[in-house]
Amino acid sequence: MHNHTPTRPTRFPISQDPLVRVLPGEGQPNAVSCTIYPPALLPKGQQPGLVIHLYGRGGSHTAYNLARPPYAGLRALLAARGCMLVVPELGTDHWMNDQAVQTLDAIIKGLAEAREIDPQRVSIIGTSMGGGSGLAYVIQRPAVIRSICAIFPFTDFGGWLKEAPHYAAGIAQAHGVTVAELPPVLNKLSAMQHVDAFAKVPVFLVHGGADTLVPTHQSTDFAAALRARHHPVIYREAPGIGHDDAAAAMFQTEIADFLTGQKRKK
């Protein structure tokens, strides 16, 4: 069954106050402003895990802080479990273009080289554009990401644009092509076209059962494709919820368990 009855959202303490830093560092290529939720204190010599949160279209690393209170519990749980949460400023309509890929590469590499994070414990959580873009990043960097939680994501960009064609121009602009030149770009971005990229990267999909902006089948079809290939996947559906963060708020503890409990498959 695809559905999973959610538990009532739990009230969590707010995690530590966020910091704003430029990563990987001032003056370096692909450096961007990031909001960072630091981990709780760790034993000496232990490095934090890293969770990168990719926001939806029109968002920013600062708007994330103001507009995403449903994730307060997740932030607190990740901090308590020794994970650094980083929200990078990739632009309002990046759609995981080459610049966004290079920026994430630089952030992960810079934090790892500075020994601020454990490079074997890097995960992604993304919402909407951020969910589809996170999956697109995994397609290109499957050996870098340990696990991904994609919340109402686009998994088949070409299919989705047939239902929402007015987004095509923005995606084309982000990738420096015309709308007519989009098909190969959409194929490159679409997780449904690269199912085996997730053979060793567990996927947690969350979708609102009443989502009309990104239809639920964008997640259920991808989950079915992963299961058919015996790749690790969890699917959770929030009945009656549309394209809204409330869908993820219902599963904060399970998402935290997923992001902090995975071990890379050999």
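The values are calculated or read from the model by the stated rules, or taken from the named source; none is laboratory data. All values reported here derive from a predicted model rather than from experimental measurement. Methodologically, a virtual Cβ is constructed for each residue, glycine included, from the backbone with ideal geometry; neighbour enumeration extends over all protein chains shown.
Residues in segment 126-142 that are farther than 13 Å from TRP95 by Cα, free of Cβ contacts under 8 Å to residues at least 60 places away in the same chain and either among the aliphatic types (A, V, I, L, M) or touching a strand residue (DSSP E or B) at 6+ places or on another chain (Cβ under 6 Å) (or both): ILE139 alone.
Evaluate the following for ALA247: is it touching a Gly at 6+ places or on another chain (Cβ under 6 Å) and assigned to a helix (DSSP H, G or I)? Working first, answer last.
Details: touching a Gly at 6+ places or on another chain (Cβ under 6 Å): yes; assigned to a helix (DSSP H, G or I): yes.
Taking the combined requirement at face value, the residue satisfies it.
Scanning segment 41-49 for any residue that is assigned to a helix (DSSP H, G or I) and surrounded by 20 or more Cβ atoms within 10 Å (Cβ to Cβ) turns up nothing.
Tell me, yes or no, whether segment 176-185 has at least one residue that is modelled with pLDDT of 95 or more, at positive phi and buried (at least 17 other Cβ atoms within 10 Å of the Cβ). Taking every residue of segment 176-185 in turn, none turns out to be modelled with pLDDT of 95 or more, at positive phi and buried (at least 17 other Cβ atoms within 10 Å of the Cβ). Close Cβ contacts (under 9 Å, 6 or more residues apart or on different chains) running from residues in segment 218-241 that are without any contact (Cβ under 8 Å) to a residue 12 or more places away in the chain to residues that are surrounded by fewer than 16 Cβ atoms within 10 Å (Cβ to Cβ) and of a type in the set (A, V, I, L, M) comprise HIS230/ALA199. Of the residues in segment 164-177, not one is touching a Phe, Trp or Tyr at 6+ places or on another chain (Cβ under 6 Å), under 25 Å from GLN252 (Cβ atoms), assigned to a helix (DSSP H, G or I) and of a type in the set (A, V, I, L, M). Contact annotation: residue pairs with Cβ atoms under 7 Å, 6 or more positions apart or on different chains, pairing a residue in segment 75-93 that is touching a residue at least 40 places away in the same chain (Cβ under 8 Å) with a partner that is outside any loop (DSSP other than H, G, I, E, B) and aromatic (Phe, Trp, Tyr), are ARG75/TYR37; ALA79/TYR37; LEU85/TYR37; VAL87/TYR64. Among the residues of segment 222-242, those identified as closer than 17 Å to ILE148 by Cα and part of a helix (DSSP H, G or I) are PHE222, ALA223, ALA224, ALA225, LEU226, ARG227.
Quick check on my filter: what residues within segment 1-33 are at pLDDT below 55 and surrounded by 14 or more Cβ atoms within 10 Å (Cβ to Cβ)? Let's see the steps before the verdict.
So the first thing to find is which residues in segment 1-33 are at pLDDT below 55, and the list is 1-15.
Residues satisfying the conditions are HIS2, HIS4, PRO6, PRO9, PHE12, SER15.
PHE154 falls short on exactly one of the conditions (1) assigned to a helix (DSSP H, G or I); (2) within 20 Å of TYR137 (Cβ to Cβ); (3) within 17 Å of the chain's Cα centre (by Cα), and that condition is (1). Taken over segment 189-207, residues that are over 15 Å from MET129 (Cα atoms) and either among the basic types (Lys, Arg) or outside any helix (DSSP H, G or I) (or both) amount to 7.
Just the residues that are part of a loop (DSSP other than H, G, I, E, B) and in contact with a helix residue (DSSP H, G or I) (Cβ under 6 Å, 6 or more places away or on another chain), please, taken from segment 50-80. Can you show your working first?
Of the residues in segment 50-80, the ones part of a loop (DSSP other than H, G, I, E, B) are 55-60, 68.
Result: TYR55, GLY56, ARG57.
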